[in-house]
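Reading through the structure tokens given below for one structure.
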Amino acid sequence: MTPEQQQAIQTHVEAISAILYADCEPGSLKTLEDIDRASSKRKSVNSCNTTDRKFFIYSASGTKAGRVKKLKSTLGDLSITEKQAARLGCGTGSRLSPHLENCCLRLSANVAYESASKDIKYITGVTVPSKTQLILVHYQEFNKPVATLDITELSVDGGKARLITPLGEKSEWKDYKAIVSEAGIVAKLLNI
């Protein structure tokens, strides 16, 4: 392919990206997660995928300045500058895109970290180790429920939960206590 042909392809790809950007309501693209979701909806246009994300990121952030960093995204590896990441609401120390982080957190809430890691790999094709899943959950700040009204019903229960241990090692069991009220659910593993 000649340099002129490559330039022509690049020009057309950018024009296609501009059309796709306008089609997905540019005002709704305020964060990197929004861009990830918009790009993943256009997986059928695979040849434009990397370019349209770059175009979307530039158009939404309004900058190309800053040191380039690599992020894992639901669509694969992504290069983004630190200034773009800051303007699009992406954490400074994070190596995962916000959309991939949210996918990991949702899966980690329902299954063990090891299973969440396998599920993320299956769903997105991106490898996020179970240790990263664990670290991601532990860095989250979860709001504790606040009762604004008198509590009329309360349910307290407890039990044992089996923790996943490496193959061949003895199973580990932990006690837990859970409280359910109109204000929400609180559960805690006890270190007994």
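Listed values, structure above:
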| item | result |
| --- | --- |
| Flag if Gln84 is touching a Lys or Arg at 6+ places or on another chain (Cβ under 8 Å) and within 23 Å of Asp34 (Cβ to Cβ) | yes |
| Within the range 27-128, helices (runs of 4 or more DSSP H) holding 3 or more residues that are modelled with pLDDT of 80 or more and within 28 Å of Thr11 (Cβ to Cβ) | 49-61, 82-87 |
| Single match in Asp157, Asp150 (criterion: in contact (Cβ under 8 Å) with a residue 12 or more places away in the chain, over 15 Å from Ala112 (Cα atoms), acidic (Asp, Glu) and not in a helix (DSSP H, G or I)) | Asp157 |
| Of all residues making up the range 122-157, the number that are open to solvent by 100 Å² or more (accessible area, probe 1.4 Å) and touching a Cys at 6+ places or on another chain (Cβ under 8 Å) | 1 |
| Neighbours by Cβ (under 7 Å, 6+ apart or cross-chain): first from the range 164-188, without any contact (Cβ under 8 Å) to a residue 12 or more places away in the chain; second assigned to a strand (DSSP E or B) and open to solvent by less than 60 Å² (accessible area, probe 1.4 Å) | Glu172/Leu163; Ala187/Ala178 |
| Which listed residue is touching a strand residue (DSSP E or B) at 6+ places or on another chain (Cβ under 9 Å), more than 30 Å from Gly91 (Cα to Cα), open to solvent by less than 60 Å² (accessible area, probe 1.4 Å) and not aliphatic (A, V, I, L, M), from Lys174, Lys160 | Lys174 |
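The values are calculated or read from the model by the stated rules, or taken from the named source; none is laboratory data. All of these numbers come straight from a predicted model, not from anything done at the bench. Cβ sites come from the backbone with ideal geometry, for glycine too, and all protein chains shown count toward neighbours. We work out accessible area using only protein heavy atoms, side chains counted, and drop any ligands, DNA or RNA first. Shrake-Rupley method; radii C 1.70, N 1.55, O 1.52, S 1.80 Å.
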